[in-house]
Amino acid sequence: MENFFTRYTDSSAVFPCFPIVQHNCLGSWDVFLSLFHSFTLLPHPALLIAIQDPPFRQSVLPTFPGFLSFATPPAGRPRVAIYVS
Amino acid sequence: MLSVDVFSPEGLFGFPHCSLRVTSVYLLHTNRLPYHSIPPECLFSFLYYPHLVLGDFNLHHLLADPCGSQSEREFIISARYLDFAFDIPYHLLNTPGVYPRFLFDTISRPSVLDLAFANTALSPLVCSWDTPLPSTGSDHVLCVITLKPPALMLPPPTPHWALLDRYAVGEALDAFTTLPCPAGPTPNSLSRWFDISSTRLTSLLTSHALSKRLCPYSKPWWSPRLSSLRREYHKFAKIFRLDPSPLNRSNVKSSRRTYFKAIATAKKIHWSDFLSSATPHSFWAAKRFAFGRPPQRFPDLPGASDLAEVAETLLHHLFPPKPPPSPLLRLIRHEDYTPLTSEAISRALSKSSNTTAPGPEYIPYSVWKSVNRLKPCLLPSLLDPLLAHGFHPPSLKKALGIVLDKSGKPSYDSPSSFRVIVLLRTLSKILERVVTSRLSAQATTCSLIHPLLCGSLPGRSTADATLVLPHHVESFHRLR
């Protein structure tokens, strides 16, 4: 992320903007996958995704290639999660 | 609730702040106060760096959904969160009337539960809040918040009032009712009542008008024929790149010549049409097109390194801060007050030009004239409580400032080389006109105006002054 802003403030900016996405997944894996696949329709790639009620199975949050997940609480079912590109 | 801090040692988008905090929130209902799982004190705090709070708040509020209805309990619960946020201050980013939640049944109307707030440090960077993507299978729609440096932002889209659907607006206004004014109001409660009521009304009007956005690529002379010529030129150019034969080269040359010639002809025809239909109002526009605009001088003020600091320096110079007035605890309704009528508003509107530049809400007088014609009781019900209590809410004092450079200055490194045109809300100016007409009538009745004063008074003009002057000269000669 540090490089992102450094590149942006430079005149040869790579990213013209910083999109942040928010969504309630209703604890559904289908919604989660549909959410991440719908980003191709955005004009600029989503860099930060705030999810409420993410899907959760066997103490594991779903992952998606290219994104790093953060959730709270560390143990138990998380009610919110943030994915960073 | 989960917060993530984004850190950049170089600063964010050219701003001096190195951090951005994003807080994701999911509020769940509980049976105890504040009836939600997280109190507002945990969500919103005073931070000097940018902070974005977003998520599913499970709250209904009229500022996010102006056309919705809410129970008193819902209003109290949501007002507790939003008032706390606005006091810090945080700004609500949701576009009023855009719904991010659609229930699967066909009975329930769409609603707004997903809210986003930005603190003062982040607000200049927020470009848009939108729901541009299709459904993912959830009853919520994706909300996308876009941050951009202010220098790269286009001006926000404004409603195209000429294309206002007046029939639909008339039907919507019939169903629209103003919220009841609070009894024995305080300045805060009356101000909040007016803000919610006026936002509901302006959102209703804006939702029935198409949006237009000024674009650097707008070409009024462009036509579908030019689009087809451009397509043809690019097609031949592509073929020539794949097969650089003499025949393809000549095709490219001829198509390019035709395309650019058509552009020149279209520009010439548009200019001739513009001049042939020129009116005294478009004289200065014609001069600007013919001779070009003078170069814009951007304030180069010492000690102001970015846009925010330039704006702050200009504001401080042009509008020096004054000590705040002593706060009023409770407003008193004047007993001898004459209620505001739609005729008084019609009279005030009749003197207002439709072409006057509107203020921050972009609603011109022509729209208020239509509203007053379609539902005469609406504007009096909105403005009457303000007059009755002698209170002008702070939201009506917000203005759009257009900074212009003064010509012929030796240098433009001082705020005194610039002037600002202040565009107030048209709703505020209607109220001002009503008060002015009442004061003027009162002054005439009480003989507070000198009998020889002719300027800016109804029914008197320069002709009266020129008739009075010889009369006085003659009477002076007679005395001698």
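None of the figures in this text is laboratory data; all of them are computed from the coordinates on show. In this text, all values refer to a predicted model and were calculated from it rather than measured experimentally. Cβ sites come from the backbone with ideal geometry, for glycine too, and all protein chains shown count toward neighbours.
In square nanometres, what is the average projected area of the Cα convex hull of region B:2-147?
The directionally averaged projection comes out at 9.4 nm².
Relative to the Cα centre, what is the charge dipole magnitude of region B:2-147, using +1 at the beta carbon of each Lys and Arg, -1 at the beta carbon of each Asp and Glu, and rounding to the nearest 20 debye?
100
Average partner chain C-beta neighbours within 10 Å, per residue of B:23-31? Intermediate values should be presented prior to the final figure.
Values: counts 3, 14, 5, 10, 2, 3, 0, 0, 0.
Mean shielding by partner chains, rounded to a whole number: 4.
At 7 Å along the Cα-to-beta-carbon direction for both B:Lys212 and A:Thr72, put a label point, then send me their distance in nm to one decimal.
Those two pseudo-labels are separated by 4.7 nm.
Taking 8 Å as the Cα distance limit and 6 or more residues as the minimum spacing, I'd like the relative contact order of chain B as a percentage.
10
Considering every residue in B:46-59, what mean count of other chain Cβ atoms within 10 Å of its Cβ is obtained?
2
Which entries of B:Lys375/B:Lys397; B:Lys219/B:Lys268; B:Lys148/B:Lys219; B:Lys238/B:Lys268; B:Lys212/B:Lys369 show an alpha-carbon separation above 18 angstrom in the structure shown?
Table pairs above 18 Å Cα-Cα are B:Lys375/B:Lys397; B:Lys148/B:Lys219; B:Lys238/B:Lys268; B:Lys212/B:Lys369.
On alpha carbon coordinates alone, what is the Rg over Rh value for region B:219-354, Rh being the Kirkwood radius? It would help to have the intermediate numbers written out before the result.
Values: Rg = 29.6 Å, Rh = 23.0 Å.
Result for region B:219-354 is an Rg/Rh of 1.28.
By Kyte-Doolittle mean hydropathy of at least -1.0 and Cα axial length of at least 15 Å, which whole DSSP H helices of chain B are selected?
The answer, listed by residue number, is B:72-87, B:187-207, B:224-242, B:246-276, B:307-318, B:378-389, B:426-445, B:462-479.
Between B:Leu479 and B:Ser353, what is the FRET efficiency for a Förster distance of 45 Å, r being their Cβ-Cβ separation, to the nearest 0.05?
The value I calculate is 0.45.
Given the convex hull of the Cα atoms of region B:280-434, what is a quarter of its surface area in nm²?
13.3
Using mean Cβ contacts within 10 Å as the protection proxy, how do A:58-71, B:383-396, B:452-465 order, highest first?
Highest mean packing first, the order is B:383-396, A:58-71, B:452-465.
Assuming 0.36 nm per residue, please report the length gained on full extension of the stretch B:Ser45 to B:Ala311 beyond their Cα-Cα distance.
Stretched out fully, the B:Ser45 to B:Ala311 stretch lengthens by 93.2 nm.
Over all directions, what mean area does the Cα convex hull of region B:224-291 project, stated in square nanometres?
Result: 5.8 nm².
Restricting attention to the alpha-carbon atoms of region B:325-397, what are Rg (one decimal) and Dmax (integer), both in Å?
Every Cα atom of region B:325-397 included, Rg and Dmax give 14.2, 40 Å.
Taking only the alpha-carbon atoms of the protein assembly as shown, what semi-axes of the equivalent ellipsoid follow from 5 times the gyration tensor eigenvalues under a square root, in whole Å, largest first? Each step should come with its number before you reach the end.
Details: eigenvalues 444, 297, 124 Å².
Output for the protein assembly as shown: semi-axes of 47, 39, 25 Å.
If amide H atoms are built 1.01 Å from N in the plane of the peptide, which residues on other chains or at least 5 residues away come under 5 Å of the amide H of B:Arg101?
Those qualifying (amide H under 5 Å, at least 5 residues apart or on another chain) are B:Ser111, B:Leu113, B:Val141.
Ignoring everything except DSSP H segments at least 4 long, calculate the 222 nm mean residue ellipticity for chain B; use -39,500 (n - 2.57) per segment, divide by total residues, nearest 500. Let's see the in-between values first.
On the way: 13 runs with 191 residues, N = 480.
Mean residue ellipticity at 222 nm (helix-derived): -13000 deg cm²/dmol.
Please give, to one decimal in nm, the separation of the simple spin-label points placed at B:Ser250 and B:Ser440, each 7 Å out from Cα toward the Cβ.
Going from the B:Ser250 label point to the B:Ser440 one covers 7.6 nm.
If the cut-off is a Cα-Cα distance under 26 Å, which lysines reach B:Lys409, setting aside same-chain residues fewer than 8 apart in sequence?
Of all the lysines, those that pass the test against B:Lys409 - Cα under 26 Å, at least 8 places apart if same chain - are B:Lys287.
Under the Kirkwood approximation for Rh and a Cα-based Rg, what ratio Rg/Rh is obtained for chain B? Show your work: numbers first, answer last.
Working: Rg = 28.7 Å, Rh = 27.8 Å.
With Rh from the inverse mean 1/r over Cα pairs, Rg/Rh is 1.03.
Which listed residue (B:Ile77, B:Ser326, B:Tyr337) has the Cα farthest towards the positive end of the charge dipole for the protein assembly as shown, taking +1 on Lys and Arg C-beta and -1 on Asp and Glu C-beta about the Cα centre?
Value: B:Tyr337.
Can you give the alpha-carbon Rg of region B:1-72 over 2.2 N^0.38 Å, where N counts its residues?
It is 1.41.
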